[in-house]
Amino acid sequence: MRMAVSAKLENDNIQPIHYGVKELSEWPYGQPHFIGSTTQLSDDKKESTPLVWFGMVNKYFGSMLYFNPDKNGLLAAVEYDADYFISPVQASEFISGEENGRVWDTSMWVKDLKLAPGKIATLNFDIFAGPKLYSVFKENPLYARLHYSDTIITQGCAFMTFNWLMELLIWLLTFFATHLFFGNYGLAIILLVLIVRVILHPLTKKGQVSMMKMQKQMARLKPELDKIKERCGNDKQRMQQETMKFYREHGNPMTGMLGCLPMVLQMPIWVALYSGLNTAVSLRHAAFLPVWITDLAAPDQLVMWSRSLPLIGDSFNLLPILLTVFMFLQQKYMTPPTSASMTPEQEQQQKMMKFMMPIMMLFIFYNMPSGLNLYIMTSSAVGLVEQIYIRRHIKRQEELEAARETIIDIGGKGPRSNRPKKPKNPFGIKF
């Protein structure tokens, strides 16, 4: 994730600019590429957009140079005429680890320094070189003003990535690991799972109750739905219309299905945790177990080999497989029964989804950071145990309620109209 970064001043606002590896790889070797200057003008020549700082960053670390202006209160050193360049150069095998690898030189050319004989000019620079930490970038007034935190690139779904949630999760994990588990972030992730599950337990319980009510309602409505299916035969359109009419009159049990809602609510946590594991320096090389899961920011890599295989890569990762097993069991336990209104194709699709979804998740999460897989696997395992406990609890409550029901037998004779008539003797005389 190596890239060049710079920041321009537009309307008194810092605007960071990133140059990715794909863009940098197209620049020719040894040729300086101009990226801006302290006195640069915009295309319409009406507004100045000076370059304030520039540098190189990768996934966890960065080095940025800021040219301090001589005048207090200014961000850009506009009193100097300086140009900024990036030059691709071929790296040695020792540096790059690959043949014909490339790195990038960053340079500045300060022009037209008019000095009287015997005088000395002092140019002041602030250079940051180190790990990219939110705490450092936000607590340092200069770095906060220069927006150095924008060099931390988050990864995830654009509509579901919340930086505040990512920062909160990383802060919690760091707090748990530091103060409770002697630096073990794996145990901190497990504790985070338990906290989230406890918070979502009322909603999970409500969803399970709703799911069981739906199953009972489906069993109650099934005979009538079977009659509709038998009456309509192969006319699928008519069967669908009569089924919808029946649901409108008697209620649609599918509207009470809330069992998947806790998983949906956890999706932003998964995305935020994924982003945090890919950017938080504190989780880099953080181990969970001595032999297995030695880097929570990388796949668990139980066994490695030299040649990369399709869809698998160069390692066997056990954690995603365990995650898939628990997700399959959880989904199998949560899947509602087939509806009588379903066509054979729909029933087959529902059965296939039980297998297709976990298999798809296996390929999606196979090369994900082991910390994220540990969170999802633990959450699925705890969720499965929670579902079993809730369903058993509901079943016990139903048995207790059924045991409390009593049949009251009122003594005496019933109404005359309800009494059975006495048979008459052969002579027609009543006794």
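The values are calculated or read from the model by the stated rules, or taken from the named source; none is laboratory data. Worth saying up front: this structure is predicted, and the values here are computed from it rather than measured. Heads up, the Cβs are rebuilt from the backbone with ideal geometry, glycines too, and the neighbour counts pull from every protein chain shown.
Below, the figures for the structure above:
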quantity	calculated
Cβ-Cβ under 7 Å pairs, at least 6 apart or on other chains, the range 112-125 side under 22 Å from residue 76 (Cβ atoms), far side at pLDDT 85 or above and not in a loop (DSSP other than H, G, I, E, B)	112/81; 123/110; 125/65; 125/66; 125/67
Residue match in the range 127-144 (condition: surrounded by 14 or more Cβ atoms within 10 Å (Cβ to Cβ), among the charged types (D, E, K, R) and in a helix (DSSP H, G or I))	no
Residue 225 vs. criteria in contact with a Phe, Trp or Tyr (Cβ under 9 Å, 6 or more places away or on another chain) and more than 30 Å from residue 180 (Cα to Cα)	yes
Test: residue in the range 173-188 that is outside any loop (DSSP other than H, G, I, E, B), among the β-branched types (Val, Ile, Thr) and free of Cβ contacts under 8 Å to residues at least 40 places away in the same chain	yes
Single residue of the range 266-313 satisfying the filter (of a type in the set (D, E, K, R) and touching a helix residue (DSSP H, G or I) at 6+ places or on another chain (Cβ under 8 Å)) that is farthest from residue 204 (Cα to Cα)	295
Residue 66 in contact with a helix residue (DSSP H, G or I) (Cβ under 9 Å, 6 or more places away or on another chain), hydroxyl-bearing (Ser, Thr, Tyr) and at pLDDT below 90	no
